[in-house]
Every structure is written in structure tokens, then in C-alpha cells.
1. With respect to residue 423, determine if the residue is hydrophobic (A, V, I, L, M, F, W, C), in contact (Cβ under 8 Å) with a residue 12 or more places away in the chain, open to solvent by less than 50 Å² (accessible area, probe 1.4 Å) and under 22 Å from residue 236 (Cβ atoms).
2. Need the failing condition index for residue 374 against (1) among the small types (Gly, Ala, Ser); (2) farther than 17 Å from residue 212 by Cα; (3) modelled with pLDDT of 95 or more; (4) surrounded by fewer than 17 Cβ atoms within 10 Å (Cβ to Cβ), just the number.
3. From the list 62, 116, which one is aromatic (Phe, Trp, Tyr), touching a residue at least 12 places away in the same chain (Cβ under 8 Å) and in a loop (DSSP other than H, G, I, E, B)?
4. Closer than 26 Å to residue 258 by Cβ, among the charged types (D, E, K, R) and open to solvent by 10 Å² or more (accessible area, probe 1.4 Å): which single residue out of 181, 153 fits that description?
5. Here is a list of conditions, (1) closer than 22 Å to residue 198 by Cα; (2) at pLDDT below 95; (3) among the polar types (S, T, N, Q), and residue 379 meets all of them except one; can you say which number that is?
6. Among 550, 537, which is surrounded by fewer than 19 Cβ atoms within 10 Å (Cβ to Cβ) and among the aliphatic types (A, V, I, L, M)?
7. What number goes with the only condition from (1) part of a loop (DSSP other than H, G, I, E, B); (2) more than 15 Å from the chain's Cα centre (by Cα) that residue 104 does not pass?
Amino acid sequence: MRAVLVLIAWLAAVNAGAQTGASLSGRITDETGGVLPGVTVELRGSGEPLLAVTDAEGRYSFEDVSRGTYLLSMRLINFADINKRDLVVGSEPVIDDEVMRLSLSADVVVVGRRTFTNLADVKNPAEDLVGIAASASQGAITSRQLEVRPFMRQGEVLETVPGVIITQHSGEGKANQYFLRGLNLDHGSDFAMTVAGAPVNMVTHAHSQGYADLNFLIPELVAGVQYSKGPYYADLGDFATAGASNINYATQLDRPIAELQAGSYGFGRLFVAASPKTANGHLLGAFETSTNDGPWTVPDSYRKLNGVIRYSQGDNLNGFSLTGMAYNGKWNASQAVPERAVEAGAVDRYGSIDSSDRGDTYRYSLAGEWQRSSGSMLTKVQAYGIGYDLTLLNNFTFYLDDPVHGDQNEQQDHRFITGVKAFQKRQSRWAGYAVENTYGVQVRNDDVSNLALIHTEHGVPLSTRAQASAIVTTAGVYGENRIEWVPWLRTTAGLRVDGSHYTVDDKLQSINSGTSSTGIVSPKGTVTLGPWRGTEAYVNAGLGFHSNNALGTTIVVDPNGNPVDRVTPLVRAKGAEVGVRTVALSHLQSTLSLWTLGLDSELVYNGDAGATEPGPASGRYGVEFANYYAPKPWLVFDGDVAWSHARFTEFNEAGQYVPEAVDVVVSGGASVDNFHRMFGSLRLRYFGPRPLVADNSVRSKATTLLNLEAGYQVQKNLRVNLLIFNLANSTVSDIDYYFASRLPGDPLDGVDDLHTHPSPPRTARVSLVVGF
């Protein structure tokens, strides 16, 4: 009898176990191993979804889960969703630990050198695809990609962004020339840039609208480059029409380092950095000094002093940082020279017509960032102050305007910038749907105390042509709503409202002084489909804008007293894109996007004035194809191709082609990282031909450059590095322009000619890097 009772009890226990099911539990961490509390974990099967939230130790659990096949989803603000499909739950407990990765657009404060990861480098990339990006043309360049790529100029860090070209038409201390999506962005117009929490673009700048000087950038500190293209993102305002980039500085390094570089044409550089741990955080300090003459007949003599000090506390979820940066640069400037002067032997290819062109600048900034996350809510506040000064002497047309004294002008810009950005993201559920809402506000004030244009001869002032001060205050508010309707369909709807106020004081023409205000509303939208077999599709559309110089919003007469029309303060941009991102093939991430972009007024480069000016409306469309393939942990191949078509959309007497609108950009290479102590990269860069005048009768030649980096890890804390730029020693141009200039003996109305700033010949640099 007793045996029968035992048997009955055992059968009852087995039956109860079959009815109540098994447990499912796990622990969720980030890539640094830090726990992630507040993660929403959802288990979807044939019945009602089950929900859980990770605790302070990053743990979650589901009890009494019925046998079956499930979709396990994990969501946390700033991180890509994890979607584990076909998870089988049987009679035994299931333990599923996961690592969540930051999304490509994540807002983070405390970052290490390895914060961002390319999907091709992770074990199961298809599980991390949802939420990794909002479009095919949004992404992040990782420190792994940056560490083994050769950079001649600091700004070339942005050439890691597919389709971007960085070049120079003057002395190396001047802001670079930028190209993207068929736009000559000049020195930064239509491409918004941020470094370590502070904006780079300058509104109402003495040299060009949107002027963005990245010479203060230190590549060794960059933890990642987040980028986006097109006006589809509610958190991006002025200049972010063609694209935007956010360059993150690391808050801590793996170890202290010291680097000594020497190279061709008088190049030398010393760089030191360390990030000792303090009681509650890390204090990062970095300093560099460099000199570079270049191949120019008149040496650039570019002298740079640059430093960063940064204090930080926290982790990927909650953090605080305070970053101070100080940069000072001084240089000579060899401008683009006319082709006829080189052919006649009057100057060398690397020569100068006016040897007194030069520049000096400084930039001092302090930026604070604070972030708090409670799982379903994230709040971030940024504030910054920037002191900036530039003195630039340029002579683009030589003796065209003044046959006696020449056309050299000195441009002066002195300003102080303050700003605040704040936003909050909230995850919740509406009628059973997963929802994320974002609300933000951004305010910036540029107090430009001096904007001057002075006619000079060999640097000696002759007369003041223009002098003014301006206060430009801008404010923007935005909201964004993201809903997951079903696992394969998500929508994002955003709305941005921007306003600007201008106060102008013209010191020479008081009639041009005054105030003006304006505003603009920009809706945005995205539909995301998938993923299916590791592939996600996007449809994006939105309105954006770029601003014009504040002086043009109150102007009445030009310097000669002639009546002129005022410019439109904020110029509308319209963009749309269809794209695909796939990780279907092992260790390969590919993106394909078809895009279109229209501007109500093109910012056109004027070679005669050496500045950007408002131009006719324009329209563009194009295709971008980007690939990242990592077949081995130590080997990476990447290749990007961008093609664009650009035309003025309203009648233009000179023609319909947009000058300097590049058609084709190609970038590709192979990189080796820590293979038998060797590392390096071989890079190809193709900058396609461009129309130089609006009727397309004059075109530039293509520029193809091959660059090499090769290094060896001698021991754990010592490595040597060799960089060779223009490996094939190609005789090509950094950039070409076509406009009228006058040399002694030329007709008084000048000669229309090709003006070229050549790429440096083969250049070698050697560095010794010591870690402590």
C-alpha cells in the first residue's frame, strides 16, 4: 500500500511539472561587462506576451513557462534591441545570458576606446539588428577601424564616413574642404559636426557660413565617429542637411601613451596622454605639439599647440564629464595657383603668387555632459562655452581688383559661443505596442564681437572694407515618437521647430544695422521593415534647413552704397531615402541607399571672393553602397562607392550644373590588426571629376591616392609605425577651381583659368609609440 502511495505522489509531481512548465532566466550586460538594470524583456509565444524587467544586477526571470517556441526580445534606451527567435522552452530550466550593444546613434557620456562595435564583428549580428540604426546611411566608425588607418590631416578622420572627401585648398591650418552627396560643403556648410559635446560649425563666420575647423581634433582620443546623412532626424538642426557627425572622445585610455613622429617636409609631432583613475572616476589629459612645412615653395610652417583635459564618472547608463580643450595654430598659406603661371614657369607647381598669405587661430572650449538612466527613461543635458579667434590673409585673384596693390584681404573673426542641449527619452507601452518618445530643446548664442574684411598688401593694412558685430541666437525644440507595431514594422515620426534672432551692428554702414527674426518647422518620418534573414529596410523622408550669414538678413546697401537684396535667413531643404542594411552573410555588413536632396538656395563657392554665397535652388539624387567584411579577427576589408547627380532646379544663365558637385567617390582598403605583432592598412581614395563651371565646359580631373600604414608591436608597450601618403607619387590635385584672376601683364579684366592646389607628393612619416 505504501509503495502505491509513493507511486501516485511521484506521478502527480511529474504531471504538475508538465503543467507548470519550466523557468527562463538570465543576466544582461553591456560589452564592457557592466550590468544593465531596467532592460525590458518580453517573451512572445502563442499566448499573451510575458514581460519582465532586469533588476539591479541585470537579472530577469520567467517562471512556469509553457513548453513551446518563443521570441525573446530585450529593449533598453540607447541600445540595439536583442531579438532571439525560435527559442525552445522544454521541461528543463533555460538560462539565456545576453550582451546588449550600443546603437549606432546612442547618446553616451562615459566612453572607452572600444565602446562601439561593428555588427560584422559580433557573433550573432542578426539578433542585434533591430534598433541599431534609423536608416541605411546612419552608422558609427569604431576605434578599431580608426587605429589602423593612415591620416595625413586630422579632418581625414571623417573620411571614414562612406562618401565623404576631405581636402585642402590653402594652408594646412585652415579648415578643410568637405564633400558629400554631390555637395561642395566648402568649409562645413550643410554638414553639422560635434566633437566631445561641443559644436564645430560657425554661423555668420568671416570666411564662410558653417566654417568647421577640425585641426584641434586628436585622432588617438577618438572612441568612435557617429554619422547620419539626410534631414531625417529630429535632434539635428542647422547645417545637418547633407549629413552630420558626432566625434566621441574617450573618457579613459587602456594605458598612458607617448608618441613621437617625424617625417618628410619638416613634419614633427609629440603626443602624450594618460587617464589615471581618481577616487570616483577618471582624469584624462592629452597634449600634442606639431610642426609641418609641407612641399610648398613658401613653407607652411604650421605650428600647433593642442591640449585636452577631461574628468568623468559613471558608465554607459549614468555618467558625467567635463571636458576642456585648448588649441592654437599659426601657418603660412600657399593658395591655389593658376595653371597658366605654372605652364609659363613663373611659379613652381607647389609655389605661391602671394607669399604673404597666412593665418592664425585659437579655440578654447569647456563642455559638460550629464546623463541619467532608469531603464525606461533617459535624460541627458549638455552645456558648452567656446572662445574663438581667426585672422586669415587670402589673395585669391592676385591683381584683378587692385592692379597696383593686389587683392589680398585680411578676414577677422572673434566670438564667444554658449549653448545648452537637453533631451529625455521614455519607453512605454500604448495599447500593447512598444513605444519610445523623445523630447528635446537646444539653445545656442554666438556673440561675434568682430567680423572684419581689411584690404592689405603683403599683410600691411590699406583700408577697412567691412567691419561689423553680430549676435546670433538660435533655439530649437523637437519631439519624436517610435512605435513597434509588429516585430517586422516600426515607424518613427518627428517634428522640429527652430527659431533664430539676429542683431547686427555695421560699423561702416550704419544703415545695414538692425535686428531680424525668423522660424521654420521641419517634420520627419521613417518606416523600418524587418529584419528578415538578417536584413532590414528603411524608408526615410524629412525637411531640414541651413542658415545664411546674419549680416545678409539686415543688409540694405553694399560697401559701395548700391542697394542689395536681403538673404533668406533659414533655407529649406527636402530629403528622402530608401535603404537596406544586411548582415545575412557571415562577418559582412552591407548598406545600400538611394537618396534625393533638394535645397531652396544653394550655398555656392565664389572663387573670386574665396567664400560661400547664396545661389539658385538645386536638386540632387544618388546611390551609396558601403561594405565592411571581417573574415578573421585580425583582418578587415571595406569598400564604399557613392554616385550623385546635381543640378540647379531653377534657371541659371551660366548653366544648370552645380560647380564642384562631385559625381563619384570611391574608398576602400584592407586592414590588419595584431597579426603576429603586425598591423597596418592599405587605402585607395578616388575623388571623381567635377564640373567647375555651371555649363560643364570645364571639368576637373579625378584624384586617385594610395596611402599605406604599416607597424610592428616590438613588445607589449612599444610599437613602431610607418605611414606613406600618395604611395604611387601621383601628380594630382587636392582641389581645382575655375575663375578669373589677374597676374602682372594680364588684361585688366583678368583671365579665366584653372586654379589648382596640388596634392603633396609621396610623403613618409615614422612614429614610435610607447605605452606605460
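The values are calculated or read from the model by the stated rules, or taken from the named source; none is laboratory data. Fair warning: this is a prediction, and the values are worked out from it, not measured in the lab. Cβ coordinates were reconstructed from backbone atoms using ideal geometry, including for glycine residues, and neighbour counts include every protein chain displayed. Side chains included, ligands, DNA and RNA excluded: accessible areas come from the protein's heavy atoms. Shrake-Rupley method; radii C 1.70, N 1.55, O 1.52, S 1.80 Å.
1. Answer is yes for this residue.
2. That leaves (3) as the condition not met.
3. Details: 62 fails: in a loop (DSSP other than H, G, I, E, B).
After ruling out the rest, the residue left standing is 116.
4. Values: 181 fails: closer than 26 Å to residue 258 by Cβ.
Answer to the selection: 153.
5. The number of the failed condition is (2).
6. 537
7. For residue 104, the failing item is (2).
So that you can scan it fast, the table gives a plain yes or no per residue for (1) at pLDDT below 95; (2) small (Gly, Ala, Ser):
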position: 654; (1), (2): yes, yes
position: 659; (1), (2): yes, no
position: 665; (1), (2): no, no
position: 680; (1), (2): yes, yes
position: 684; (1), (2): no, no
position: 696; (1), (2): no, no
